[in-house]
1. If you count only protein heavy atoms with a 1.4 Å probe, what accessible area per residue comes out for region 84-211, rounded to a whole Å²?
2. Taking N as the number of residues in region 61-129, what value does Rg over Cα atoms divided by 2.2 N^0.38 Å take?
3. Could you name the aspartates and glutamates in cross-link range of K135, using Cα to Cα under 13 Å and dropping any fewer than eight places away on the same chain?
4. Each residue of region 123-133 in turn: what ³J(HN,Hα) in whole Hz from Karplus with 6.51, -1.76, 1.60 and θ = phi - 60°, glycine and Pro shown as x?
5. Among R74, R161, what's the order by accessible area (1.4 angstrom probe), most exposed first?
6. May I ask you to derive the relative contact order of region 83-211, considering only C-alpha pairs under 8 Å and at least 6 residues apart, and to give it as an integer percent?
7. Give me the percent relative contact order of region 58-129, please, defined on Cα pairs under 8 angstrom at least 6 residues apart.
8. Please list V134, V107 from largest to smallest accessible area, probe radius 1.4 Å, with all protein chains kept in place.
Amino acid sequence: MENAIDIKISRRNLLKVGAASATAMTASPMSAGHGAGAAHGLSAAVTLQVNGKTHEMNLDVRTTLLDALREHLRMTGTKKGCDHGQCGACTVLLDGRRVNACLTLAVMHDGQEVTTIEGLGTPAALHPLQAAFVKHDGYQCGYCTPGQICSAVGMLDEVARGMPSHVSGTLSEKPLLSPEEIRERMSGNICRCGAYSNILEAIEEVAESKA
Ligand code: FES
Ligand code: FES
């Protein structure tokens, strides 16, 4: 029989789930020697606010935020490239901050707000960055584009809040958004089509309009 444990998850009680899992693995002779399979069936209720809409789900605790979006909510705008935190294709905004959705578990974000590419604009009313990517041809195949745009939205907000990057000359003054700064700050988003110069132009245009 599977360990059908259904627990309301918050960041606080995630530890309780871990403890429950450890207890179940210890108590069940069937789990001996089965490695990761011993946690099979451990699920949790999680509520995500995605693009302003509430979604209540019951998820295997190992479900990444990316798979929760794509496989459970069928929101496929967020892309899976490497699934290992190396390409940035899965970038979304979590309470306004950019994250790689493949590197974090959905149950860790109970009650938090997720913004995906679908929530930034509409075909009739594009987000300024979406419009700039179209205008400057900031893509070829387009697979990296949702992540690039979500990342750029988060990046411009980081700059507005005065967060320095590795190439900022000073930690105390608001960073100037030079091409070098933009390249550094967007370096977590890989484009296999090499559309970098056009991506840079698109972001520069929006950054200048905000300056
Ligand atoms: Fe998440 Fe590549 S799919 S970083
Ligand atoms: Fe093809 Fe970036 S446009 S990977």
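1. 52 Å²
2. Taking the Cα Rg and dividing by 2.2 N^0.38 Å, one obtains 1.08.
3. Of all the aspartates and glutamates, those that pass the test against K135 - Cα under 13 Å, at least 8 places apart if same chain - are E201, E204, E205.
4. Here the 3J(HN,Hα) series is x, 7, 9, 5, 4, x, 6, 4, 4, 5, 5 Hz.
5. Putting R74, R161 in descending order of accessible area: R74, R161.
6. With pairs under 8 Å counted, the relative contact order is 30 percent.
7. Computed value for region 58-129: 31 percent relative contact order.
8. Per-residue accessible area, sorted high to low, gives V134, V107.
The values are calculated or read from the model by the stated rules, or taken from the named source; none is laboratory data. Everything numeric in this text was worked out from a predicted model, so none of it was measured. Heavy atoms of the whole protein, side chains included, go into the accessibility calculation; ligands, DNA and RNA do not. Shrake-Rupley method; radii C 1.70, N 1.55, O 1.52, S 1.80 Å.
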